[in-house]
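Here is the structure we will look at, set down as structure tokens.
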Amino acid sequence: LNLYNDLHQAIEQQAFTLVFQPQINEQTEITGAEVLCRWTNRGVPVSPEVFIRAAEETRLILPLGQWILSESCRVLKRWRQQNVLPESFRRLAVNISPAQFMDENFERYVTDQVSGNDLCSAQLELEITESIFLGNKDTIRSKMQRLSSMGFTFALDDFGTGYSSLSYLQHLPLHKLKIDRSFVMDIEDNTRPARIVDSIIQMGQNLGMDIIAEGVEHQAQRDYLQNHGCCEFQGYLFSRPLAEDEFLEFVRHNS
Ligand code: G
Ligand code: G
Ligand code: MN
Ligand code: NA
């Protein structure tokens, strides 16, 4: 209850910050960034695992998710105006909670934010997880198809850890698979996790999807992934999630 009250107040006061984790291609160019939300409550950093879950359980995720989307769009507009992004930079990836995606105002909100900040929809990638598919399949599919036809792209986050049924991949406009870091972690052993990663990459390629690996911490993991056809990476090997000024510093030093 305390957490709920604090969260509610923090939303009203816009007391959150965003950090940005670079995404890197085979040439080690910056192709984008994942937006991650941070909250310090009464001087203590609260893990997003805790406050995002609390927000999801109380529907505070709707106003919080709206703030995250609008702030992401404002930041991207600023970076474009300041002309600080490299040529290789394509998009910001924003995590979308299931309740947020299912909200009837979601499409209007996201399109308003994009157009209101002079962005195009292709510059925003919507990261969803398999848990979204617990909802009504027809509703989800038609919403995703409408957004996709407007130019938004969808990445399936934490791929391989959820309720996956491969039929989702067949029926939904998913543009990218994010290989979950639990598979990436043990890749060097060249045993089952590595075999699973190989299969995910091959399946994604066969379906014409882009593949990104998250949680890449060691050069050996990046080498393995790259040698097996994964073209994009995110993880501590390149950078932890960075505050805006740190991110722009990273961009300056790496482009
Ligand atoms: O940033 P970190 O690894 O601590 O995030 C932990 C969890 O919180 C991850 O599952 C991540 O997806 C989730 N998370 C972080 N930021 C956001 C956000 O802006 N929106 C949503 N929906 N989830 C987030
Ligand atoms: O669930 P989601 O993929 O959105 O979670 C992203 C989370 O993973 C963020 O909280 C981020 O801080 C964390 N993260 C990012 N890169 C790495 C990494 O290389 N190793 C580990 N262990 N965590 C990472
Ligand atoms: Mn994510
Ligand atoms: Na993830």
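The values are calculated or read from the model by the stated rules, or taken from the named source; none is laboratory data. Because the structure is a prediction, the values reported are computed rather than measured. Cβ atoms come from the backbone with ideal geometry, glycine included; neighbour counts cover every protein chain shown.
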### Task
Say whether the condition of being free of Cβ contacts under 8 Å to residues at least 12 places away in the same chain, hydroxyl-bearing (Ser, Thr, Tyr) and away from ligand 1 (no atom under 15 Å from the Cβ) is met by at least one residue in region 191-207.
yes
### Summary
Residue pairs within 6 Å by beta carbon, gap of at least six or interchain, first lying in region 77-92 and touching a residue at least 24 places away in the same chain (Cβ under 8 Å), second among the polar types (S, T, N, Q) and not in a loop (DSSP other than H, G, I, E, B), listed first then second, are Ser88/Thr31; Arg90/Thr31; Arg91/Gln123; Leu92/Ser72
### Task
List every residue pair whose Cβ atoms lie under 9 Å apart, where the two residues are 6 or more positions apart in sequence or sit on different chains, the first residue falls within region 4-21 and is touching a residue at least 60 places away in the same chain (Cβ under 8 Å), and the second residue, located anywhere, is loosely packed, with under 13 Cβ neighbours inside 10 Å.
Thr17/Thr40; Val19/Arg240; Gln21/Arg240
### Task
Could you grab me the full set of residues in region 191-212 that are of a type in the set (Val, Ile, Thr) and touching an Asp or Glu at 6+ places or on another chain (Cβ under 8 Å)?
Ile211, Ile212
### Message
So Pro173 ticks every box in (1) surrounded by fewer than 17 Cβ atoms within 10 Å (Cβ to Cβ); (2) over 18 Å from the mean Cα position of the chain (by Cα) but one. Which box is left unticked?
### Response
(2)
### Residue selected from region 126-158 under the condition surrounded by 14 or more Cβ atoms within 10 Å (Cβ to Cβ) and of a type in the set (Ser, Thr, Tyr), by the criterion farthest from ligand 1 (Cβ to nearest atom)
Ser148
### Task
For region 119-131, state whether one or more residues are within 17 Å of the chain's Cα centre (by Cα), modelled with pLDDT under 95 and assigned to a helix (DSSP H, G or I).
yes
